[in-house]
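> Quick one: the structure is below, questions incoming.
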Amino acid sequence: MKQAFREGLDIHAMTASEMFGVPIKGMPGEVRRRAKAINFGIIYGISAFGLANQLGIAREEASAYIKKYFERFPGIRAYMDETRDFCRTHGYVKTLFGRKCHYPDIRASNASVRSFNERAAINARLQGTAADIIRRAMIRMEDALAEKKLSARMLLQVHDELIFEVHDDEVAGTLPVVQHVMQDAPFPAVLLSVPLHVDARAADNWDEAH
């Protein structure tokens, strides 16, 4: 999976190819959609019942998908087990930058509460690290734009996206600055084992930029 990121492959298409034996080239959209649901669902602790509902398939088929996924990508199962064990022992998990996210109820006697905190702890290491990265980019952005004498204004953060207001004649100069700051945001605190890819686009509104 890391190799796929390094080679710039479509991670969901790659997963679909591995899971269902379908070539990446000319892959039907429905097959990729299933793989995407599996990629996100499993790491967030989705059950066979939940995956079946999401994909509109039988529970037995969803269960088989999950089993095959962990057989093909055992490192993900190891990551999830390691995260749960650490959090049960310490009551928190850490992002790649060392920020602690506390989940003391992971040891709750209530199975539903305990299960929710297990899923949240696994998710926190991922989403928490992503949040750290975008915050580091935001902190550095103003100085980076000022250094290039650009007047762009950062208006809004939406998850892993930053939205700017830019004069038309400064768009070409602003896009690479924004892209560079966001891609280098983890450094020097964290050296990622996969490249951090950032798309930067300009349009009249946020919807068109997608």
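> What is the one condition in (1) more than 25 Å from the chain's Cα centre (by Cα); (2) within 19 Å of ASN205 (Cβ to Cβ); (3) surrounded by fewer than 16 Cβ atoms within 10 Å (Cβ to Cβ) that ALA146 does not satisfy?
Checking ALA146 against (1) more than 25 Å from the chain's Cα centre (by Cα); (2) within 19 Å of ASN205 (Cβ to Cβ); (3) surrounded by fewer than 16 Cβ atoms within 10 Å (Cβ to Cβ), the one that fails is (2).
> Just a yes or no: is a residue in segment 182-203 of a type in the set (Val, Ile, Thr) and over 18 Å from the mean Cα position of the chain (by Cα)?
Scanning segment 182-203, I find no residue that is of a type in the set (Val, Ile, Thr) and over 18 Å from the mean Cα position of the chain (by Cα), so the answer is no.
> Restricting the search to segment 67-108, which residues are among the hydrophobic types (A, V, I, L, M, F, W, C) and under 24 Å from ALA52 (Cα atoms)?
Passing the criteria: PHE70, PHE73, ILE76, ALA78, MET80.
> When you go through (1) touching a residue at least 12 places away in the same chain (Cβ under 8 Å); (2) not assigned by TED's automatic domain parsing to the domain that holds PRO188 one by one for ALA144, which number turns out not to apply?
All conditions are met except number (2).
> Based on this model, can you work out whether ASN110 counts as farther than 17 Å from ALA209 by Cα, of a type in the set (S, T, N, Q) and either in the same structural domain as ASP204 (by TED's automatic domain parsing) or exposed (fewer than 15 other Cβ atoms within 10 Å of the Cβ) (or both)?
So ASN110 passes the test.
> Could you tell me whether ILE42 is out of contact with any Pro (no Cβ under 8 Å at 6 or more places or on another chain), farther than 16 Å from ALA4 by Cα and not polar (S, T, N, Q)?
Judged against the criteria, ILE42 is a match.
> Would you mention how many residues in segment 156-196 are within 20 Å of THR95 (Cβ to Cβ) and not β-branched (Val, Ile, Thr)?
18
> From the list LYS68, LYS36, LYS25, which one is under 21 Å from the mean Cα position of the chain (by Cα), among the basic types (Lys, Arg) and outside the structural domain of PHE187 (by TED's automatic domain parsing)?
Exactly one of LYS68, LYS36, LYS25 is under 21 Å from the mean Cα position of the chain (by Cα), among the basic types (Lys, Arg) and outside the structural domain of PHE187 (by TED's automatic domain parsing), namely LYS36.
> Consider PHE116 carefully, then state whether it is over 22 Å from ALA4 (Cβ atoms), surrounded by fewer than 16 Cβ atoms within 10 Å (Cβ to Cβ) and either of a type in the set (Asp, Glu) or not assigned by TED's automatic domain parsing to the domain that holds ASP184 (or both).
When the stated conditions are applied, PHE116 does not pass them.
> While we're looking at this one, here's another question. Can you find a residue in segment 179-200 that is farther than 22 Å from LEU126 by Cβ, touching a Leu at 6+ places or on another chain (Cβ under 8 Å) and not in a loop (DSSP other than H, G, I, E, B)?
No, that holds for no residue.
> Any residue in segment 78-92 that is surrounded by fewer than 16 Cβ atoms within 10 Å (Cβ to Cβ), more than 18 Å from ALA4 (Cα to Cα) and touching a Lys or Arg at 6+ places or on another chain (Cβ under 8 Å)?
Checked segment 78-92: at least one residue is surrounded by fewer than 16 Cβ atoms within 10 Å (Cβ to Cβ), more than 18 Å from ALA4 (Cα to Cα) and touching a Lys or Arg at 6+ places or on another chain (Cβ under 8 Å).
> Which helices (runs of 4 or more DSSP H) sit wholly inside segment 10-56 and have at least 3 residues that are surrounded by fewer than 19 Cβ atoms within 10 Å (Cβ to Cβ) and at pLDDT 85 or above?
29-43, 48-55
> If you scan segment 88-128, which residues turn out to be in contact (Cβ under 8 Å) with a residue 60 or more places away in the chain, within 28 Å of PHE187 (Cβ to Cβ) and in a helix (DSSP H, G or I)?
ILE122, ASN123, LEU126, listed by residue number.
The values are calculated or read from the model by the stated rules, or taken from the named source; none is laboratory data. Here the structure is a predicted model, which means the values were calculated and not measured. Here the Cβ is made from the backbone with ideal geometry for all residues, glycine too, and neighbour counts use every protein chain on show.
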